[in-house]
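A.B. asks: Mind looking over this structure? Questions follow.
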Amino acid sequence: MSLSMPALAVVTLICFILVYRFTFHPLRNYPGPLLAKVSDLYGFFLAAGMNEHLTTRKLHMRYGPVIRLGPSKLVFNSAQGFHDIYNNERVTKSKAYLVTRGNDGSFHVWNAIDKKQHRARRKLVGEAVSARSMRQFEPIMAGQINIFLRNILNSSHNSDLKNSAVNVTDRMKMLSFDIVSRLAFGYPLDSQTNRSYELVSKAISAGSYLHSMALHFPPFRHLNIFLLAAFANWGQLYDYHVLVTKMISSRLSRDKNTVHDFYSIVSDELDTETDEKIGSNDLWAEAVFFLPAGGDTVSTALSGLLFYLSRNPESYQKLATEIRSTFVSGADIQGGQKLSGCRYLRACFDEALRMSPPVSGTVWREFPATDRSAEPLIVDGHVIPRGTQLGVSTYTLQHNGEYFPDPFAFRPERWLPSADISEDQVRWAQDAFAAFSLGARGCAGKAMAYLESSLIVAKSLWYFDFERAPGKLGDVGAAENSGVDEFRLYNTFTSVHDGPNLIFHPRGDFCKELS
Ligand code: HEM
């Protein structure tokens, strides 16, 4: 059978590209899997398998500190590489993020590539999650946390194991989406009381999974996302869009200042003196992004933390003692000096973020082909060709034994200088802490994440003691066959997970305050 001329031309072109990428490409000498050297399809399969973080770590162990994960992609496994890439004016967000924009070209702070556009969006978002805004928002947050605590109290009254065990992933997702929907839209999602969260959480996970594949293999974007969603039985994506429309119209029907939320904070900024014109549709695109950015991430961090605390009794005791000796009542637990002074609490949270980072894979940056500087770009001693996509795999760096001895051990003490751990050692670890990324494109909501998580954990330990559920129920969430007691994450850019199942016991009469 002979090939037609056009087919022959296509086959010749593909062969030419493959040979070029393998033999002549500027990154040809970097080690990595064969398929990754010639095609981004490698990354696509990696993302589709949801184990990007685990596989990237294995590849680093096999090939060394710098690996080629796509024809034009390099991943580094060092703190120096992390800082050289993410804290660098000449490095931009990867243009692969363009595939995550809406079909109408709409974008938000996370996928704004152009620096001017990004600055304007970041300013808006920054106001909503600033310390001042958080002070006003805290009572709303506290109200949702109280519902969470009351639900736990109800579960603790059940006598049968199945109903008394609390699946922390489920509860944290409901809570974090209820909080962030109030910040984004002033909208009472009330998942904790009517379980509508299942729609939000599943739709966001599905969307995030599709994005993670498209980020690795941009042509995937051309498969219509909704067709794909329908094919994969993710009709929730459609229902989710209906819900978002409802949240927006409900917000617009109320006076701007009735509630402290994103709209009340930034609507005065619309089309004003920012160097980029920002319209009301853009504002809603930002608000919608709050849901995955602030909901999915915090719930993963807290599920991980409670998983590790339930398996490390010494850390649990130390943390419980710190909380119970710092505050005088549940109501006393509020944002401020006392809470931020709970150093062991912060160390526990950072340690959970290290071991099970909510964004566990590589967040891609790019050394633009258009860079005109005469200076070479050096990353951890390597001269980087223009047009290269660069990154650090968060999970891999945070399990690098050079920075974190015994990396699979939950050890909050590694974040606190002491007789055993010097300030230099702590600084060394901090330099390799990548959970929030770094630089101009690092997490905008870090302060909110710390406040929200600190309140939830401190209040939970004030009112309750908790332990791992007995038997198989207590195993849910643990990595299987890995030889380590690790909270299992499935990477979908953010993370999918389950458990841990915990039994909560009310402490004395403290819970009376909750009713
Ligand atoms: C433990 C919780 C959190 C973690 C681990 C986390 C992590 C991250 C990471 C790694 C990025 C960079 C992503 C990339 O470059 O593609 C990011 C960006 C971002 N995060 Fe967070 N995040 C958390 C909580 C929050 C919260 C509560 C908010 C507030 C709503 C938030 C808002 C944002 C925004 C707006 C960006 C985009 C920043 C930009 O591109 O300028 N995050 N986050």
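A.B. asks: Give segment 347-403 a look and list any residue that's crowded, with 19+ Cβ neighbours inside 10 Å and farther than 21 Å from H60 by Cα, or say none.
C.D. replies: If the condition is that a residue be crowded, with 19+ Cβ neighbours inside 10 Å and farther than 21 Å from H60 by Cα, then A347, C348, F349, D350, E351, A352, F367, L377 are the ones that fit.
A.B. asks: Taking segment 456-469, which residues are surrounded by fewer than 19 Cβ atoms within 10 Å (Cβ to Cβ) and in contact with a helix residue (DSSP H, G or I) (Cβ under 7 Å, 6 or more places away or on another chain)?
C.D. replies: E467
A.B. asks: Within 20 Å of the chain's Cα centre (by Cα) and at pLDDT below 90: is that true of F107 in this structure?
C.D. replies: For F107, the condition - within 20 Å of the chain's Cα centre (by Cα) and at pLDDT below 90 - is met.
A.B. asks: Please verify whether segment 326-340 includes one or more residues that are within 16 Å of the ligand (Cβ to nearest atom), under 23 Å from the mean Cα position of the chain (by Cα), under 19 Å from Y308 (Cβ atoms) and surrounded by 13 or more Cβ atoms within 10 Å (Cβ to Cβ).
C.D. replies: No.
A.B. asks: Just the residues that are of a type in the set (A, V, I, L, M), more than 21 Å from S212 (Cβ to Cβ) and buried (at least 19 other Cβ atoms within 10 Å of the Cβ), please, taken from segment 28-41.
C.D. replies: Listed by number, the list holds a single entry, V38.
A.B. asks: Select from segment 408-426 the residues that are assigned to a loop (DSSP other than H, G, I, E, B) and without any contact (Cβ under 8 Å) to a residue 40 or more places away in the chain and write down the one among them that is nearest to the ligand (Cβ to nearest atom).
C.D. replies: A409
A.B. asks: May I ask you to verify whether L305 is over 29 Å from A79 (Cα atoms), hydrophobic (A, V, I, L, M, F, W, C) and within 14 Å of the ligand (Cβ to nearest atom)?
C.D. replies: Against the criterion (over 29 Å from A79 (Cα atoms), hydrophobic (A, V, I, L, M, F, W, C) and within 14 Å of the ligand (Cβ to nearest atom)), L305 does not qualify.
A.B. asks: Do the conditions hold for A142, that is, is it more than 22 Å from K459 (Cα to Cα) and of a type in the set (G, A, S)?
C.D. replies: Criteria not met by A142.
A.B. asks: To continue, here is another question. For segment 71-92, does any single residue satisfy the condition of being of a type in the set (A, V, I, L, M, F, W, C) and at pLDDT below 95?
C.D. replies: no
A.B. asks: Related question: Taking strands (runs of 3 or more DSSP E) that do not extend beyond segment 347-394, which have at least 3 residues that are of a type in the set (A, V, I, L, M, F, W, C)?
C.D. replies: It comes to 377-379.
A.B. asks: Right, another one. Quick one: count up the residues across segment 53-68 that are within 16 Å of the ligand (Cβ to nearest atom) and either under 16 Å from E366 (Cβ atoms) or β-branched (V, I, T) (or both).
C.D. replies: Qualifying residue count, segment 53-68: 1.
A.B. asks: List pairs: first residue in segment 459-475 and within 25 Å of T326 (Cβ to Cβ), second residue at pLDDT below 95 and hydrophobic (A, V, I, L, M, F, W, C) anywhere in the structure, Cβ distance under 6 angstrom, at least six positions apart or on different chains.
C.D. replies: So the pair list comes out as Y463/F510; Y463/C511.
A.B. asks: Could you list all residues from segment 414-444 that are out of contact with any strand residue (DSSP E or B) (no Cβ under 8 Å at 6 or more places or on another chain) and among the basic types (K, R)?
C.D. replies: Scanning segment 414-444 gives R414, R427.
A.B. asks: Is it fair to say G508 is more than 16 Å from the ligand (Cβ to nearest atom) and surrounded by fewer than 14 Cβ atoms within 10 Å (Cβ to Cβ)?
C.D. replies: The answer is yes for G508.
A.B. asks: Looking at this structure, is L319 more than 16 Å from the ligand (Cβ to nearest atom), out of contact with any Lys or Arg (no Cβ under 9 Å at 6 or more places or on another chain) and not polar (S, T, N, Q)?
C.D. replies: For L319, the condition - more than 16 Å from the ligand (Cβ to nearest atom), out of contact with any Lys or Arg (no Cβ under 9 Å at 6 or more places or on another chain) and not polar (S, T, N, Q) - is met.
A.B. asks: Condition test on H108, is it in contact (Cβ under 8 Å) with a residue 60 or more places away in the chain and either buried (at least 21 other Cβ atoms within 10 Å of the Cβ) or within 20 Å of D282 (Cβ to Cβ) (or both)?
C.D. replies: So H108 passes the test.
A.B. asks: Kindly provide the set of residues from segment 341-385 that are more than 10 Å from the ligand (Cβ to nearest atom), hydrophobic (A, V, I, L, M, F, W, C) and touching a residue at least 40 places away in the same chain (Cβ under 8 Å), ordered by number.
C.D. replies: The answer is C342, L345, A347, C348, M355, F367, L377, I378, V379, I384.
A.B. asks: Within segment 74-82, can one find any residue that is part of a strand (DSSP E or B) and away from the ligand (no atom under 15 Å from the Cβ)?
C.D. replies: yes
A.B. asks: Being among the hydroxyl-bearing types (S, T, Y) and within 13 Å of the ligand (Cβ to nearest atom) is the filter; apply it to segment 178-217 and report the residue that is surrounded by the most Cβ atoms within 10 Å (Cβ to Cβ).
C.D. replies: S181
A.B. asks: Consider segment 95-110. How many of its residues are in contact with a strand residue (DSSP E or B) (Cβ under 8 Å, 6 or more places away or on another chain) and within 11 Å of the ligand (Cβ to nearest atom)?
C.D. replies: Final tally of qualifying residues: 1.
A.B. asks: Has segment 422-440 got any residue that is closer than 20 Å to F487 by Cα and surrounded by fewer than 20 Cβ atoms within 10 Å (Cβ to Cβ)?
C.D. replies: So far as segment 422-440 goes, yes, one or more of its residues are closer than 20 Å to F487 by Cα and surrounded by fewer than 20 Cβ atoms within 10 Å (Cβ to Cβ).
A.B. asks: To continue, here is another question. Which residues, taken from segment 83-94, are in a helix (DSSP H, G or I) and within 13 Å of the ligand (Cβ to nearest atom)?
C.D. replies: Once the filter is applied, which keeps residues that are in a helix (DSSP H, G or I) and within 13 Å of the ligand (Cβ to nearest atom), segment 83-94 yields I85, Y86.
A.B. asks: Identify, from the list A434, A444, A429, the residue that is touching a residue at least 12 places away in the same chain (Cβ under 8 Å), closer than 15 Å to H83 by Cβ and in a loop (DSSP other than H, G, I, E, B).
C.D. replies: That would be A434, the only listed residue that is touching a residue at least 12 places away in the same chain (Cβ under 8 Å), closer than 15 Å to H83 by Cβ and in a loop (DSSP other than H, G, I, E, B).
A.B. asks: Let me ask something else about it. Do you know which of the residues in segment 287-319 that are among the charged types (D, E, K, R) and surrounded by fewer than 24 Cβ atoms within 10 Å (Cβ to Cβ) is farthest from A347 (Cα to Cα)?
C.D. replies: Here the answer is R311.
A.B. asks: Here's another thing I want to ask about it. Can you work out which of the residues in segment 474-492 that are crowded, with 23+ Cβ neighbours inside 10 Å and not β-branched (V, I, T) is farthest from G304 (Cα to Cα)?
C.D. replies: Checked segment 474-492; the qualifying residue farthest from G304 (Cα to Cα) is N491.
A.B. asks: Any idea which of (1) within 16 Å of the ligand (Cβ to nearest atom); (2) in contact with an Asp or Glu (Cβ under 8 Å, 6 or more places away or on another chain); (3) not in a helix (DSSP H, G or I) is the one I503 doesn't satisfy?
C.D. replies: Against the list (1) within 16 Å of the ligand (Cβ to nearest atom); (2) in contact with an Asp or Glu (Cβ under 8 Å, 6 or more places away or on another chain); (3) not in a helix (DSSP H, G or I), I503 comes up short only on (1).
The values are calculated or read from the model by the stated rules, or taken from the named source; none is laboratory data. Just so you know, these numbers come straight off a predicted model, no measurement behind them. Because the Cβ atoms are built from the backbone with ideal geometry, glycine has one as well, and the counts that use them run over all protein chains shown.
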